[in-house]
Amino acid sequence: MKLPRRQFLHLAAAAATLPALSQFAGAQSYPTRPVHLLEGFGAGGAPDIIARLIGQSLSERLGQSFVIENRSGATGNIATEAVVRASPDGYTLLLVTAANAINATMFNLSFDFIRDIAPIAGIVRVPLVMEVHPSVPAKTVAEFIAYAKAHPGKVNMASAGTGSTPHLAGEMFKTMAGVDLFHVPYRGAQVFPALLTGEAQVYFGPLLSSIEYVRAGNFRALAVTTVARSPILPDVPALGETLPGYEASSWYGLGGPKRTPEEIIEKLNKEVNVSIADPKFQARLASLGGAALGGSPADFAKLISDEVKKWSRVVLAANMKRE
């Protein structure tokens, strides 16, 4: 049957709007099934704890399960690549961490993190702690710098692996303080036995995993690495009070595959912001030493971009090779 030209054009225009209407309707009803949130560092660690906190809150608010998947390995790159390759429908998300920004500068990856992951929302920022074994005579950052300069190359700086956030935080300290510390990488939590025995003398450790050792007197906290002091270690100065401009931290947020519909990103962003504004949620973050981030997807994108630039400078200054 031959249609009149005007009727044909109306039908064609209507057909063209169907994908957009379908996508909008899908975003309006999202999520209609469980959402998978991938984190790249294994069960029990700080990323896993943050993922489960935000996942539980989003589950309660959106009425669907947020299933936390631990895809550990390759400093978070295995989980990140799985999300990069996933369908951009909002049902596979990534717990984005500071490690992603460092990895973008350290490794020749099969993906471009800034290009291939869509930022959704920042969740929390957590300080690292510059901590030393009690055998180190320094009680302040300034005294430690003097001690390190008096013993060049003789002070062992532990890390949870080459290219980890503690490693890069230490390398930035070395550059800014002008000291020669000997880097000793350990496999994850093995760093703590080395510090407890005095095999390593200094560590820029995540606050969450270090706080009990500091409280027990196993390690001496010289500084926290965020711009401001931490409420749970109020008497410990910020490192920037001695080295102006120094800042390093662990931070966490949500991301999805590129081309995730904007309506879904905005919906998730809104729910994350509502979640972290809840006093109970904030109290839980504070108990972990964290401060809520929040903000728009653009705010989180800027944080990621700024962090990639910062760690690129550190990698260059430390003459670290790209792998």
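Does the stretch 231-238 contain any residue that is of a type outside the set (Asp, Glu), crowded, with 22+ Cβ neighbours inside 10 Å, at pLDDT 95 or above and closer than 27 Å to Ser312 by Cβ? Scanning the stretch 231-238, I find no residue that is of a type outside the set (Asp, Glu), crowded, with 22+ Cβ neighbours inside 10 Å, at pLDDT 95 or above and closer than 27 Å to Ser312 by Cβ, so the answer is no.
Quick one: count up the residues across the stretch 210-229 that are more than 17 Å from Glu241 (Cβ to Cβ), hydroxyl-bearing (Ser, Thr, Tyr) and open to solvent by less than 20 Å² (accessible area, probe 1.4 Å). Break it down stepwise before answering.
So in the stretch 210-229, the residues more than 17 Å from Glu241 (Cβ to Cβ) come out as 210-219.
Cutting the leftovers down to hydroxyl-bearing (Ser, Thr, Tyr) gives us 210, 213.
Next, only the ones that are open to solvent by less than 20 Å² (accessible area, probe 1.4 Å) stay: 210.
Residues meeting the conditions: 1.
Please specify each residue of the stretch 123-160 satisfying the condition of being open to solvent by less than 30 Å² (accessible area, probe 1.4 Å) and of a type in the set (Val, Ile, Thr). Ile123, Val124, Val126, Val129, Val132, Val136, Val141, Ile145, Val155, listed by residue number. Annotation for the stretch 46-56: no member residue is assigned to a helix (DSSP H, G or I), within 18 Å of the chain's Cα centre (by Cα), over 23 Å from Phe281 (Cβ atoms) and of a type outside the set (S, T, N, Q). If you go through the stretch 191-250 and keep only what is within 22 Å of the chain's Cα centre (by Cα) and polar (S, T, N, Q), you end up with Ser209, Ser210, Thr225, Thr226, Ser230, Ser249, Ser250.
Scanning the stretch 270-281 for residues that are in contact with a helix residue (DSSP H, G or I) (Cβ under 7 Å, 6 or more places away or on another chain) and either without any contact (Cβ under 8 Å) to a residue 24 or more places away in the chain or of a type in the set (Asp, Glu) (or both) returns a single hit, Glu271. Scanning the stretch 139-182 for residues that are part of a loop (DSSP other than H, G, I, E, B) and not hydrophobic (A, V, I, L, M, F, W, C) yields Lys139, Thr140, His151, Pro152, Gly153, Lys154, Gly161, Thr162, Gly163, Ser164, Gly178, Asp180.
Among the residues of the stretch 61-100, those identified as charged (D, E, K, R) and either over 12 Å from Pro31 (Cα atoms) or open to solvent by less than 10 Å² (accessible area, probe 1.4 Å) (or both) are Glu69, Arg71, Glu81, Arg85. The listed residues are Arg85, Arg71, Arg125, and the only one of them that is charged (D, E, K, R) and in contact with a helix residue (DSSP H, G or I) (Cβ under 8 Å, 6 or more places away or on another chain) turns out to be Arg71.
Of the residues examined, Pro47 is not one that is open to solvent by 30 Å² or more (accessible area, probe 1.4 Å) and either over 29 Å from Leu222 (Cβ atoms) or touching a residue at least 24 places away in the same chain (Cβ under 8 Å) (or both).
Only one of the listed residues (Tyr186, Tyr203) is open to solvent by less than 50 Å² (accessible area, probe 1.4 Å), among the hydroxyl-bearing types (Ser, Thr, Tyr) and modelled with pLDDT of 95 or more. That residue is Tyr203.
Scanning the stretch 91-102 turns up one or more residues that are out of contact with any Ser or Thr (no Cβ under 8 Å at 6 or more places or on another chain), within 25 Å of Asp299 (Cα to Cα), modelled with pLDDT of 95 or more and among the hydroxyl-bearing types (Ser, Thr, Tyr).
The values are calculated or read from the model by the stated rules, or taken from the named source; none is laboratory data. In this text, all values refer to a predicted model and were calculated from it rather than measured experimentally. Cβ: placed from backbone, ideal geometry, glycine included. Neighbour counts: every protein chain shown. Please note that ligands, DNA and RNA were not included when accessible areas were found on the heavy atoms of the full protein model with its side chains. Shrake-Rupley method; radii C 1.70, N 1.55, O 1.52, S 1.80 Å.
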